[in-house]
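For reference, the structure discussed in these notes is given below.
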Amino acid sequence: MPSPGKNQPMPLVIYGAGPLARLMHFYFTVNNDYEVSHFCIDREYLNQESFCDLPLIPFDQVEGICPPETHQMFVAIGYKQMRARKLLFDRAKEKGYRCASYVSPHAIVNQGAVMGENNVLMDQVVMEPFSRMGDNNLYWSGTLISHGCLIGNHNYVSAKVVIGGESTMEDGCFLGNTACTINNIVLREETMLLPGAVAHKDCLAFTKYFGNPAKPVGTHQEKGIIIERG
């Protein structure tokens, strides 16, 4: 748990100024372990001076205003262009920031589960024992990460998803609402399960799946997963 000083919340800067950044500002504010001091975005998108009543600064100046020695960062990047999740997270790490994670007080992370930085576990997410999670993953409410799962980096998992026991999710995957896998399944790099899809066998990289059992319905190796709705 962050501890810059006795009973002092850790200063936090949020990279982003969209709906997810606003939501995470709310959660970090009520969490009490962090105090959001600034938002930052890439200079070419900077067209206002504040966001959520806090200063909004260009990312190329952030370390001078919010030094990584005194601040942590949260990278608030959603799902519309999934490869951007890795890009922005890597930028934050290159500047030397440790990235904060948010675990809802209504989530359950069992003893023996391990996770890295910039992860989000929303309400009623359950992470069972012996599961391991890398960096920069977002799990919406009601998701089950079953025992012994190995989760990579930069994944986005929508509400009420079930990942079966001893399964593997590589990097940059997107799972729509209520998608699920049976046990011992591998979701390879940039797998996309559309809402309600049920994976009964290993999934190919850069491939979109739909149905029960899930069947391939498209590929996206060239441009990555891009979701234009919402």
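Remarks
- Considering the stretch 129-140, and only residues there that are part of a loop (DSSP other than H, G, I, E, B) and without any contact (Cβ under 8 Å) to a residue 40 or more places away in the chain, the residue that is surrounded by the fewest Cβ atoms within 10 Å (Cβ to Cβ) turns out to be Pro129.
- Residue in the stretch 186-196 that is crowded, with 20+ Cβ neighbours inside 10 Å, more than 16 Å from the chain's Cα centre (by Cα) and more than 13 Å from Met82 (Cα to Cα) present: yes
- Qualifying residue in the stretch 95-114 (condition: in contact with a Lys or Arg (Cβ under 8 Å, 6 or more places away or on another chain), within 25 Å of Gly176 (Cβ to Cβ) and assigned to a loop (DSSP other than H, G, I, E, B)): yes
- Considering Val120, Val126, Val109, Val103, the condition of being surrounded by 14 or more Cβ atoms within 10 Å (Cβ to Cβ), of a type in the set (Val, Ile, Thr) and in contact (Cβ under 8 Å) with a residue 40 or more places away in the chain is satisfied by Val120 alone.
- Screening Tyr156 with (1) crowded, with 18+ Cβ neighbours inside 10 Å; (2) more than 24 Å from Val217 (Cα to Cα) gives one miss only, at (2).
- Residue in the stretch 214-224 that is modelled with pLDDT of 95 or more, among the hydroxyl-bearing types (Ser, Thr, Tyr) and in a loop (DSSP other than H, G, I, E, B) present: no
- Residue check, Ser37 free of Cβ contacts under 8 Å to residues at least 24 places away in the same chain and small (Gly, Ala, Ser): no
- Restricting attention to the stretch 49-78, the residues that are surrounded by fewer than 19 Cβ atoms within 10 Å (Cβ to Cβ), at pLDDT 95 or above and in a loop (DSSP other than H, G, I, E, B) total 7.
- Filter result (free of Cβ contacts under 8 Å to residues at least 24 places away in the same chain, within 15 Å of Glu128 (Cα to Cα) and not in a strand (DSSP E or B)) within the stretch 162-183: Gly164, Glu166, Ser167
- Residue within the stretch 167-176 that is acidic (Asp, Glu), touching a helix residue (DSSP H, G or I) at 6+ places or on another chain (Cβ under 8 Å) and over 22 Å from Pro19 (Cβ atoms) present: yes
The values are calculated or read from the model by the stated rules, or taken from the named source; none is laboratory data. All of these numbers come straight from a predicted model, not from anything done at the bench. We place every Cβ from the backbone using ideal geometry, glycine too, and count neighbours over all the protein chains shown.
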